[in-house]
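> Here's a structure for you.
The values are calculated or read from the model by the stated rules, or taken from the named source; none is laboratory data. Since this is a predicted model, take the numbers as computed values, not measurements. With ideal geometry, Cβ positions are generated from the backbone for all residues, glycine too; neighbour counts draw on all protein chains shown. Surface accessibility is based on the protein's heavy atoms, side chains included, excluding ligands, DNA and RNA. Shrake-Rupley method; radii C 1.70, N 1.55, O 1.52, S 1.80 Å.
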Amino acid sequence: MEEFDEKIEKLQKIIDESSKIVFFGGAGVSTESGIPDFRSQDGLYNQEWKYPPETIISRTFFDRDKKEFYRFYRKKLIIKDVKPNITHIRLAELEKKGKLLGVVTQNIDGLHQMAGSEKVWELHGSTLRNFCMNCGSFYGIDFIAESENTEEKIPICPKCGGVVKPDVVLYEEGLDQNVINGACKAIENADTLIIGGTSLVVYPAAGFIRYFKGKNLVIINKSSTSADANCNLIIHDSLGKVFGALKV
C-alpha cells in the first residue's frame, strides 16, 4: 500500500508543477463507466457473431453487409445511460484550472465532453455524431439505435433516402487529418504526458507519443506497455483508483 501512496505523491507533485499536461487515453478510461472493450469476446460471442469484431467494424464489412454491421454496432457500441467516471471528471477539472492542454482519446463515447472537457481530440470519432452519406444531414445516437425497429434494420435518412453512417473511424479508414494535427501539436507542446488505459498497440494512434518532448512521461495502466521503459512514473493500477486519490 505504501508503494501506491508513494506513486500518488510523485504523480501529485508532477501535476502540481506542470502547466501543459496532455492526457492520452484508451478503452481503460471508459470501462470504469461500464463500457466494455468491444474487442473482448465472451463465451457467447461466437454463438451470436460469425466474424471477429475487427472484421465487422471494418469499412469493407460495412459496405458489404450493413444490416449485420448495424446489428453488431447497436448491440456492442451503443451503450445508453453511461456517465463519466472520476477520471473523466478530474481531467475536466484540470482543464478548467488551466493545467491541462487537452485530452487525446481513442474512445468514441463522448464521456470526456459530458464531464466538461472542452479540448478533446477524438482519434476514432464518436458514436454521438452520425451523418447521411448522401446529403450530409446530422443525426444523433438515438436515430441509430431506433433503426433496429425499421424494416431495413439500417438507419436511412428520411430527407433523401441515403444511408446514415456513424462518425466513427472504421478499420481500413484513415484518421481525420485535422484531429491528427491537433493531437500531435498538443503532445509536442506538453510538459507532461499522462497515458492511461491503453496498452499502446493500436496504430497509428499509439505512435503519437513519439511527438512528446516534455519533461514527464507517466503511464497508468493495469498491464505493461511498450513505452514503460521511457517513463518517469509507471502505475500499474486502475485509473479510477489513481485519479480518485489525486487532489485537483
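> Whole number in Å², please: accessible area per residue of the range 129-248, 1.4 Å probe, ligands, DNA and RNA not counted.
The answer is 50 Å² per residue.
> Set the Förster radius R0 to 45 Å, insert the Cβ-Cβ distance between residue 222 and residue 134 as r into 1/(1 + (r/R0)^6), and round the FRET efficiency to 0.05.
0.55
> Could you order 175, 100 so the one with the most accessible surface comes first? Probe is 1.4 Å.
Reading off the accessible areas and sorting them downward yields 175, 100.
> Using a 1.4 Å probe on the protein heavy atoms, what percent of the accessible area of the range 1-152 belongs to carbon and sulfur?
Of all accessible area on the range 1-152, carbon and sulfur atoms account for 49 percent.
> May I pose another question? Rounded to the nearest 10 Å², what accessible area does residue 172 have for a 1.4 Å probe in the complete protein model?
Accessible area of residue 172: about 130 Å².
> Next question. Mind grabbing the accessible area of residue 223 for me, 1.4 Å probe, Å², rounded to tens?
Residue 223 exposes around 60 Å² with every protein chain in place.
> Say R0 is 45 Å: what FRET efficiency, to the nearest 0.05, do residue 159 and residue 201 get from their beta-carbon distance?
0.65
> Continuing with the same structure: Between residue 142 and residue 97, what length comes free when the chain is fully extended (0.36 nm per residue of separation minus the Cα-Cα distance, one decimal in nm)?
Stretched out fully, the residue 142 to residue 97 stretch lengthens by 12.8 nm.
> If you put +1 on each Lys and Arg Cβ and -1 on each Asp and Glu Cβ, how big is the dipole of the chain around its Cα centre, in Debye rounded to 20?
380 debye
> Now for a separate question. If I ignore ligands, DNA and RNA and count only protein heavy atoms, how much of residue 71 is accessible to a 1.4 Å probe, in Å² to the nearest 10?
90 Å²
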